[in-house]
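Engineer: What follows is a single structure, and I will ask about it in a moment.
The values are calculated or read from the model by the stated rules, or taken from the named source; none is laboratory data. Keep in mind that what you see is a predicted model, and the values were worked out from it rather than measured. Heads up, the Cβs are rebuilt from the backbone with ideal geometry, glycines too, and the neighbour counts pull from every protein chain shown.
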Amino acid sequence: MEFSIRSGSPEKQRSACVVVGVFEPRKLSLPAEVIDHAAHGHLSDLLRRGDMEGKAGTTLLLHNVPGTLADRVLLVGLGKEKDFREKEFRAAIAAAVKTLNETGGFDGTLYLTELAVKKRDVAWRVRQAVMVALEVLYRFDRLKSKKEDVRRPLRKLTFCVERRNHLTPAEQGLMQGQAIAAGVNLMKDLANLPSNMCTPAYLAEQAQTLARDHGFDVEVLERADMEKLGMNTLLSVAQGSREPPKFIVLKHSGGKAGEKPVVLVGKGITFDTGGISLKPAPEMDEMKFDMSGAASVLGAMKAAAGMKLPINLIAVIPATENMPGGGATKPGDIVTSMSGQTVEILNTDAEGRLILCDALTYVERFDPACVIDVATLTGACVVALGNVATGLLANTDSLARELLDAGQEAYDRAWQLPLWDDYQELLNSNFADIANIGGRTGGTITGACFLSRFTKKFEWAHLDIAGTAYRSGKEKGSTGRPVPLLAHFLMSRAAIKP
Ligand code: BES
Ligand code: MN
Ligand code: ZN
């Protein structure tokens, strides 16, 4: 998809379709009024006759509107003006792009980016518009033998801004939106791929390709390397599978030499059967998405590189299957983690924390500015927060605040849960230093408590994306979350340089 920014009058645009908004009830937005004027009241006549109310989600496609140079004019309902916020803005862009893609024109010129959104500037509006447009147009059809082909697909979108001095920030927003969407799409492609194709080795190859494309340093540790390092909790998960585990390290050195890196750690379980603590059959296919943390971290690296962020950034991905093979770990088994702490594995389905804890110990060597791990860690998080907010737990409130703010800005929101010491005792074990589960209550918090035992040496936050990384049911598929949140966090980290 090609994108561009423009400023100018809507009636003078030579385009397959000019898109303008209508508020409810029957109130033309400014660019719509300009067209109405050029068309001697054509639009207001239509509204008066009841062709459109302006309800959110509705559209009306018009041909040969008098006084305009475009082939078509698309009216998009915006809902009530007083209620028009981020969510409504995104819905309007989505409705416009969907309609444009279905109505045969090769290009569209959107005036929706001129709409005022409370507290949001033009860069935000354009950035979001690009991300929403590419979200609507995303397809994963590489494994269908017959592609559903759009007859005349949309090829170009132009976003209009009201003033010439908005052109530069809009161009900036456009560049950022495209870079973030490229990261989102990378995550979706990886996570949507089934586990017989997206293996740990495949993730490692993809990381290598990404490194080649963007100039990252890359290193992939093999089972023998992990054995030497004493990554026994990670290896205890891998030992039930025939797929060799991989431990992937990617480095983007965009910042000053010697500046502490931000480290992202992504859970890379390419399929989670539960192991010997086997999961029930219904929806087990969705456990191919259990590498969404890994995919999001690769997506965030791609976004950061696309924006050329002046920041030192490292991505670390422990990747393995969780299978119940003959050599699999059994409930009650005790292993010594890379940190030296012993872990009693009471439930082999709590495997995410077992691979992450060794990765969190490994990253100490980077002397990180902060560490953020991303994981589809607990079903309990889906119960607590549903599919709207990502769960966030952190060992400092300032890092939690930064991530919450980044989520708001990105419209990829997180919600903080407490990491109080009072929860730690739930992980007590009779036989080892710590158990890998904490009982039936507070599952997301005890999962994070487990990880917190391995993050004493740096500032750390944990994102539980079990509810937000993918959709179930008819719309089953990866959402690309939390790539936008991570990208916005990195953007603000890159800007607060002394
Ligand atoms: N990958 C799952 C978490 C999950 C569940 C993600 C549902 C998305 C949807 C994780 O490895 C897991 O199985 N967690 C267990 C932990 C429990 C045994 C303490 C869970 O949530 O049941
Ligand atoms: Mn599991
Ligand atoms: Zn899992």
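Engineer: Are any of the residues in the stretch 111-121 in a loop (DSSP other than H, G, I, E, B) and in contact with a Cys (Cβ under 6 Å, 6 or more places away or on another chain)? Walk me through how you get there before you give the answer.
Structural biologist: We begin by selecting, within the stretch 111-121, every residue in a loop (DSSP other than H, G, I, E, B); these are 111, 115-116, 118-119, 121.
Next, only the ones that are in contact with a Cys (Cβ under 6 Å, 6 or more places away or on another chain) stay: 111.
Checked against the condition, which is being in a loop (DSSP other than H, G, I, E, B) and in contact with a Cys (Cβ under 6 Å, 6 or more places away or on another chain), the stretch 111-121 yields at least one hit.
For (1) buried (at least 20 other Cβ atoms within 10 Å of the Cβ); (2) within 30 Å of Glu135 (Cβ to Cβ), each residue gets a yes or a no:
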{"position": "Gly352", "(1), (2)": "yes, yes"}
{"position": "Val374", "(1), (2)": "yes, yes"}
{"position": "Asp397", "(1), (2)": "no, no"}
{"position": "Asp412", "(1), (2)": "yes, yes"}
{"position": "Asp422", "(1), (2)": "no, no"}
{"position": "Asn430", "(1), (2)": "no, no"}
{"position": "Gly439", "(1), (2)": "no, no"}
{"position": "Thr444", "(1), (2)": "yes, yes"}
{"position": "Cys449", "(1), (2)": "yes, no"}
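Engineer: Does the stretch 385-398 contain at least one residue that is among the hydroxyl-bearing types (Ser, Thr, Tyr) and in contact with a Phe, Trp or Tyr (Cβ under 7 Å, 6 or more places away or on another chain)?
Structural biologist: no
Engineer: Count, please, the residues in the stretch 227-281 that happen to be among the polar types (S, T, N, Q), more than 15 Å from ligand 3 (Cβ to nearest atom) and over 23 Å from the mean Cα position of the chain (by Cα). Reasoning before the result, please.
Structural biologist: Step one: filter the stretch 227-281 for residues among the polar types (S, T, N, Q), giving 232-233, 236, 239, 241, 253, 270, 273, 277.
Subset that is more than 15 Å from ligand 3 (Cβ to nearest atom): 232, 239, 253.
Narrowing the set further to residues that are over 23 Å from the mean Cα position of the chain (by Cα) leaves 232, 239.
The qualifying residues number 2.
Engineer: Mind checking whether some residue in the stretch 131-150 is under 16 Å from Val19 (Cα atoms) and not in a loop (DSSP other than H, G, I, E, B)? Please lay out each step first, then the result.
Structural biologist: Initially, the stretch 131-150 is screened for residues under 16 Å from Val19 (Cα atoms), giving 132-133.
Going one step further and asking which of them are not in a loop (DSSP other than H, G, I, E, B), we end up with 132-133.
Yes.
Engineer: Sticking with this one: Please verify whether Val20 is modelled with pLDDT of 95 or more, in a strand (DSSP E or B), under 21 Å from Cys160 (Cβ atoms) and of a type outside the set (D, E, K, R), treating the condition exactly as stated.
Structural biologist: On the way: modelled with pLDDT of 95 or more: yes; in a strand (DSSP E or B): yes; under 21 Å from Cys160 (Cβ atoms): yes; of a type outside the set (D, E, K, R): yes.
When the stated conditions are applied, Val20 passes them.
Engineer: Within the group Leu313, Leu278, which residue is aliphatic (A, V, I, L, M), in contact (Cβ under 8 Å) with a residue 24 or more places away in the chain, closer than 24 Å to Ile465 by Cα and assigned to a loop (DSSP other than H, G, I, E, B)? Let's see the steps before the verdict.
Structural biologist: Details: Leu313 fails: assigned to a loop (DSSP other than H, G, I, E, B).
Being aliphatic (A, V, I, L, M), in contact (Cβ under 8 Å) with a residue 24 or more places away in the chain, closer than 24 Å to Ile465 by Cα and assigned to a loop (DSSP other than H, G, I, E, B) holds for just one of Leu313, Leu278, which is Leu278.
Engineer: Go through the stretch 344-381 and give me each residue that's among the basic types (Lys, Arg) and either assigned to a strand (DSSP E or B) or within 16 Å of ligand 2 (Cβ to nearest atom) (or both). Working first, answer last.
Structural biologist: Taking the stretch 344-381 first, the residues among the basic types (Lys, Arg) are 353, 365.
Arg353, the sole residue that qualifies.
Engineer: Additional query: Scan the stretch 326-343 and tell me whether some residue there is crowded, with 24+ Cβ neighbours inside 10 Å, within 16 Å of ligand 2 (Cβ to nearest atom) and more than 30 Å from His488 (Cβ to Cβ).
Structural biologist: Checking the stretch 326-343: at least one residue is crowded, with 24+ Cβ neighbours inside 10 Å, within 16 Å of ligand 2 (Cβ to nearest atom) and more than 30 Å from His488 (Cβ to Cβ).
Engineer: So in the stretch 93-120, with the set limited to residues that are closer than 16 Å to Pro31 by Cα and β-branched (Val, Ile, Thr), which one is farthest from the chain's Cα centre (by Cα)?
Structural biologist: Keep residues of the stretch 93-120 that are closer than 16 Å to Pro31 by Cα, which gives 93, 96, 108-117.
From what is left, the residues that are β-branched (Val, Ile, Thr) are 93, 109, 113, 117.
On the way: Ile93: 19, Thr109: 27, Thr113: 22, Val117: 23 Å.
Here the residue is Thr109.
Engineer: Go through (1) assigned to a helix (DSSP H, G or I); (2) within 16 Å of ligand 2 (Cβ to nearest atom) and name the single condition Gly299 misses.
Structural biologist: Every listed condition holds for Gly299 apart from (2).
Engineer: Another question about this same structure. Could you pull out the residue among Ile345, Ile334, Ile355 that is within 16 Å of ligand 3 (Cβ to nearest atom) and either farther than 22 Å from Asp272 by Cα or more than 26 Å from the chain's Cα centre (by Cα) (or both)?
Structural biologist: Ile345
Engineer: Residue under question is Glu259, and the condition is that it be in a loop (DSSP other than H, G, I, E, B), within 26 Å of Ala369 (Cβ to Cβ) and in contact (Cβ under 8 Å) with a residue 40 or more places away in the chain; does it hold? Talk me through it step by step, then tell me what you get.
Structural biologist: On the way: in a loop (DSSP other than H, G, I, E, B): yes; within 26 Å of Ala369 (Cβ to Cβ): yes; in contact (Cβ under 8 Å) with a residue 40 or more places away in the chain: yes.
When the stated conditions are applied, Glu259 passes them.
Engineer: Could I ask something else about it? Can we say Met323 is over 21 Å from Asp290 (Cβ atoms), among the aliphatic types (A, V, I, L, M), over 21 Å from the mean Cα position of the chain (by Cα) and buried (at least 18 other Cβ atoms within 10 Å of the Cβ)? Give the steps one after another, and end with the answer.
Structural biologist: Details: over 21 Å from Asp290 (Cβ atoms): no; among the aliphatic types (A, V, I, L, M): yes; over 21 Å from the mean Cα position of the chain (by Cα): yes; buried (at least 18 other Cβ atoms within 10 Å of the Cβ): yes.
For Met323, the condition - over 21 Å from Asp290 (Cβ atoms), among the aliphatic types (A, V, I, L, M), over 21 Å from the mean Cα position of the chain (by Cα) and buried (at least 18 other Cβ atoms within 10 Å of the Cβ) - is not met.
Engineer: Suppose we filter Leu78, Leu61, Leu69 for residues that are surrounded by fewer than 18 Cβ atoms within 10 Å (Cβ to Cβ), in a strand (DSSP E or B) and either among the hydrophobic types (A, V, I, L, M, F, W, C) or touching a His at 6+ places or on another chain (Cβ under 6 Å) (or both); which single one remains?
Structural biologist: Only one candidate passes the filter, namely Leu61.
Engineer: Out of Val335, Val343, which single residue is in contact with a strand residue (DSSP E or B) (Cβ under 7 Å, 6 or more places away or on another chain) and within 15 Å of ligand 1 (Cβ to nearest atom)?
Structural biologist: Working: Val335 fails: within 15 Å of ligand 1 (Cβ to nearest atom).
Within the list Val335, Val343, the selection yields Val343.
Engineer: Let me ask something else. Could you please tell me which pairs satisfy a Cβ distance under 7 Å, a separation of 6+ or placement on different chains, a first residue in the stretch 447-458 that is more than 15 Å from Gly391 (Cα to Cα), and a second residue that is part of a helix (DSSP H, G or I) and polar (S, T, N, Q)?
Structural biologist: Phe454/Thr361
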